Amino acid sequence: MKKLYSLLSLLIASGLMNAQSVDCFSGRFDTEVFATYDLTSNVTYGANADYNGTNTVLTMDIYQPHADTMVQRPLIIWVHGGSFLSGTKNDLDVTTLCQHFAKRGYVCASINYRLGISFPYNQANATNAVYRSVQDLKAAIRFFRKDAATANTYTIDPTIIYAGGSSAGAFAALHLAYMDNYAELPTTIDTTALGNLDGNSGNPGYSSNVNAIVDLCGALGNKTWMHSTDIPFCAMHGDHDNTVPYATDVIKLLGFPIMTVDGSYSLAHYADSIGLYNQFYTFFGSDHVPYYSSATFMDTTVRFVSNFLFRQLGCTPSDLNPLPNTFNTTSGINELASEYYFYPNPTSGVIRVKSQKSFTTLTLTDLQGRIVLSKKVESNETELNLSELKGLYILLGDKKVIGKVVVN
C-alpha cells in the first residue's frame, strides 16, 4: 500500500492526477496572488490523553485565501516547535508561514498537539512524545479528508496534502512520513498504552497519508527509515544549530542527553544515496530556527519551500534561486559560508575541502578542542583522510571554524 501511495504521490506531483488541474502560469501557488487571508480559530479536530493521562482537546487555526473561488485547494498542515514541552499554534514562525502560503493560494492549518514528556528525560519518554505528536498530526490530516467527504467546509483537495513543521514540529512531520511501519517503531513504544501508528486522536476511517514533507530544522530517529519509494521532502537547517543536530549527533533536552538523531543534512545526503527526491538548503553560520526572528531568513524560507511545493504540483517556479547564504546573521557576517565548503558529511573516510580564498592549514579537533589532525595545504582544494577516526569533530581552516564533521 505504501508503494502504491508513493506512486499516486508521484502522479499528483507530476500534474497527471490532480482532482483539479493546476494552472502553472497564473501565479497562484508560486507568488502571493491574494492580498490577505481569512482565519478560522480554535477548530477542534480531535482529543486524546496526554503524558499524564489527562484528556486533551486538540485544536487548530485554519488560514484560507480571502475571497478565493477555487473549489479544491492544496492543504499544508504546519506543526509548531518547542521541544515537545512548550509552544502553540500561535507561534510566530508557523503563523507567518500560514499567512504567506495562504496568500499563495493554499489552505493552511496550524495545529496544537499534545505536549509534555514524562520525567526522567530519556530516550524512551522523549520518543513517546514524538509518537503522540505524530498521532495528533495524523488526526488533523484525517479531519480535513473527512470534511472534504462530508461538509466540505474548507474546500481542500484531499489528494494534495502536505505536512511541515519547525524544530519539534519538523520531527513530527518527518516521523509521520518515514516512521511508517511497525518494524521501524522503537522498541520502547508501547502501542497498547499509546495506540497504534494511526493513533486514537480522532477521525478514524480516513487516510493520514501526505504527498510531501517540509522539514525546518528537524531530525529523524533513524535515516534508514527512509526508502526510495517514500514521499519527497525539502529541508532547511542551520549548520551551527546547537539545539537540533545539523547532521548526526546526540540531541539534548534541558541539558539531558536523549538520543542520537539524524539531522536534515544527514537526511538529505542519505536520501540522495537511495534515490529519494529531496531539496536541501543550509543556513550557513546560523543557529536554530533563524527564520523565527529574522524577516530575511523567513523570506528565504518561504521562497525555498514554495518552490519545492510548486514543483510537486508539476510546475516550474518563476523564482528559481532563493536568496543565497551570504546575508548577515544575528551573530555577524557569515564569511565562512562563501570561503569554505567540504563534503561529504557525514563521511566514512575522505572529505574534500574547497575554498574561494587560499588557506594554509586545515585542523580537525575533537569536541574538547584537542587537535586530532593537522595538514598544511598549498591550494584551494584538498582532501583529508579520516578513515581512522570515528565520531564528531570540528574542522578549522586557518584557525577559523568551518563546521562539524561526522565520521561514521
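The values are calculated or read from the model by the stated rules, or taken from the named source; none is laboratory data. Everything numeric in this text was worked out from a predicted model, so none of it was measured. Note: ideal-geometry Cβ built from the backbone for every residue, glycine included; neighbour counts use all protein chains shown. To get the accessible areas, we keep the full protein, side chains included, count just its heavy atoms, and leave off ligands, DNA and RNA. Shrake-Rupley method; radii C 1.70, N 1.55, O 1.52, S 1.80 Å.
Data overview
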| quantity | calculated |
| --- | --- |
| Spans of strands (runs of 3 or more DSSP E) in the stretch 48-121 with at least 3 residues surrounded by fewer than 24 Cβ atoms within 10 Å (Cβ to Cβ) and of a type in the set (Val, Ile, Thr) | 55-65 |
| Pairs, first under 10 Å from Asp93 (Cβ atoms) and of a type in the set (Val, Ile, Thr) in the stretch 282-300, second in a helix (DSSP H, G or I) and modelled with pLDDT of 95 or more, C-beta under 7 Å, six or more apart | Val289/Asp93 |
| Residues of the stretch 285-303 that turn out to be among the charged types (D, E, K, R) and touching a strand residue (DSSP E or B) at 6+ places or on another chain (Cβ under 8 Å), as a count | 1 |
| Those residues of the stretch 198-209 which are open to solvent by 10 Å² or more (accessible area, probe 1.4 Å) and on the phi < 0 side of the Ramachandran plot, in sequence order | Asp198, Asn200, Pro204, Tyr206, Ser207, Ser208, Asn209 |
| Candidate set from the stretch 365-390 (those that are closer than 21 Å to Asp287 by Cα and open to solvent by less than 70 Å² (accessible area, probe 1.4 Å)); member that is modelled with the lowest pLDDT | Gly369 |
| Single unsatisfied condition, Lys146 versus (1) surrounded by fewer than 21 Cβ atoms within 10 Å (Cβ to Cβ); (2) over 16 Å from Gly218 (Cα atoms); (3) under 19 Å from the mean Cα position of the chain (by Cα) | (3) |
| Matching entry among Ile213, Ile258 (being open to solvent by 10 Å² or more (accessible area, probe 1.4 Å) and either touching a helix residue (DSSP H, G or I) at 6+ places or on another chain (Cβ under 6 Å) or modelled with pLDDT under 95 (or both)) | Ile258 |
| Total residues in the stretch 44-64, condition aliphatic (A, V, I, L, M) and under 30 Å from Gly314 (Cβ atoms) | 2 |
| Residue count, the stretch 262-299 (criterion: surrounded by fewer than 20 Cβ atoms within 10 Å (Cβ to Cβ), at pLDDT 95 or above and small (Gly, Ala, Ser)) | 1 |
| The one condition in (1) open to solvent by 60 Å² or more (accessible area, probe 1.4 Å); (2) closer than 15 Å to Tyr131 by Cβ; (3) of a type in the set (D, E, K, R) that Lys252 fails to fulfil | (2) |
| Some residue of the stretch 150-171 being without any contact (Cβ under 8 Å) to a residue 40 or more places away in the chain and charged (D, E, K, R) | no |
| Meets criteria (in a loop (DSSP other than H, G, I, E, B), farther than 14 Å from Leu174 by Cβ and of a type in the set (D, E, K, R)) for Asp299 | no |
